[in-house]
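The block underneath contains the structure these notes are about, expressed in C-alpha cells.
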Amino acid sequence: MKTVQVDTTDLEHGCGGEGERCSNSLHHHASLPPASHPPESLLKWEADRFHQATAALGLHPGLTCALHCANRSVEVEIPLELDDGSLVVYTGYRVQHSSALGPAKGGIRYHPDVTSGDITALARLMTWKTALAGLPFGGAKGGVTCDPGSLSARELRDLTRHYTVGLLPVIGPDIDVVAPDMGTNSQVMGWVLQAAADAGHGDPRLVTGKPQILGGTAFRAAATGTGVAHVAHLAYEQLGGRIDQARFVVEGFGSVGRWAATEIADRGGRLVGVADVTGALHNDNGFDVASLVEWVEASRP
C-alpha cells in the first residue's frame, strides 16, 4: 500500500466571525505561515515554465510576449485604523492578465508574503487554468499584504471595504470577477459585495464564493478540496495505484484540506497523517476524518 501526500497549504483560506481573530489551523494560531512557494520566486517559476511550454510549441516570439503580458495591473494603498487607534497603511494588488476568453477571473488572498510579483504569476496561472478547463473566463488575481490572523473582524471588514472601493473602477461581472483565496472566505466575499453595492455596483455576479444568503452556491465550501481529491485520485490511477488501497497524508487542514481528506476517505483512502502550522498527527491505522474535523473545531477557542 502506497502513501500519497496531498499539499493544500497554498490553497487554504479561512476567517473567524465578528470580534474573533482569523484562524485556519489544527489548533488556534494567530497568524498564517509563510506561503509554500517553489524555491525560486513564484514569478520566475511561472515564467520559466511558460517559456518552456511556448518553446515546445514553437510559438513566435511576438506571440509569446503578447500571451505573457498582463492587460492591467493595479496597486491600491489602504489606510486602516486599528482597534487600538493606530493607523496602518496596507498595500493591495489586482492583476488582470487576460480577458481573451471572457471576463478575468481570480481570487483575492490576504497573506503577509503577498507581493506584486506573486499576484502577477498567479493571474497568469489563472488564465491557463480557465482556458484548459474550457471556461469562458480569463485570468486575474488580487491580494493584500497583511496578516489576517492578527486582525479583528472589524479591522478585516474595513480593510476589505477600502480595498474593494479602490478596485471598483476595474472590476465587475463583465470585466473581472473576484473570488476567495488563501486568507479569505465567503464572509470576506460578502464584505466585497456589500462595499460594491454601497457604491452603486451591487451586481452579485461580481463575486463568486459569497455566502449562500447573498446568492452563493451551497457546494462552494467543499468545491476546492473536492477538486484536489479528484485530481489526486486521477493522478494516482495514472501511476498505477488504486485510491481505495491508498494511504494518504494531508498537509494543511483548513477549508481545503479537510474537504480533500473527507473526499479521498469517502473513496476508500486511509488518512494516516495530517499537518498544519501548529503541528502534525500520525496514525498508521488511519484517522476517522469526520471525528478529526469535529476535534479540530472543538479545539478552537
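All of the numbers you see were taken from the coordinates with simple rules; none came from a lab. Note that this is a predicted model, so its numbers are computed, not measured. FYI the Cβ positions are ideal-geometry reconstructions off the backbone, even for glycines, and counts take in every protein chain you see.
Just a few scattered comments:
- Of interest is the spacing of the C-alpha centroids, which for region 111-139 and region 226-284 amounts to 25 Å.
- The packing ranking, built from the mean of other Cβ atoms within 10 Å per residue, places the peptides 180-192, 259-271 in the order 180-192, 259-271, highest first.
- Cβ-based exposure ranking for Phe219, Phe253, Phe50, Phe248, in which fewest neighbours within 10 Å come first: Phe219, Phe50, Phe248, Phe253
- Gyration tensor verdict on region 219-278 (Cα atoms; rounded if a/c is under 1.5, prolate if a/b is larger than b/c, oblate otherwise): oblate
- Put simply, when 77-84, 117-124 are sorted by average Cβ atoms within 10 angstrom per residue, most first, you get 117-124, 77-84.
- Counting DSSP beta bridges with both ends in the chain, the antiparallel % (nearest 5): 50
- Antiparallel DSSP beta bridges within region 197-301, as percent of all bridges there, nearest 5: 45
- Anisotropy class of the chain from Cα gyration tensor, a/c 1.5 cut: oblate
- Aspartates and glutamates with Cα under 19 Å of Lys141, excluding same-chain neighbours fewer than 8 positions away: Asp10, Glu12, Glu46, Glu75, Glu77, Asp113, Asp118, Asp174, Asp176, Asp181
- Beta bridges per DSSP, both residues in region 132-289: antiparallel share near 45 percent.
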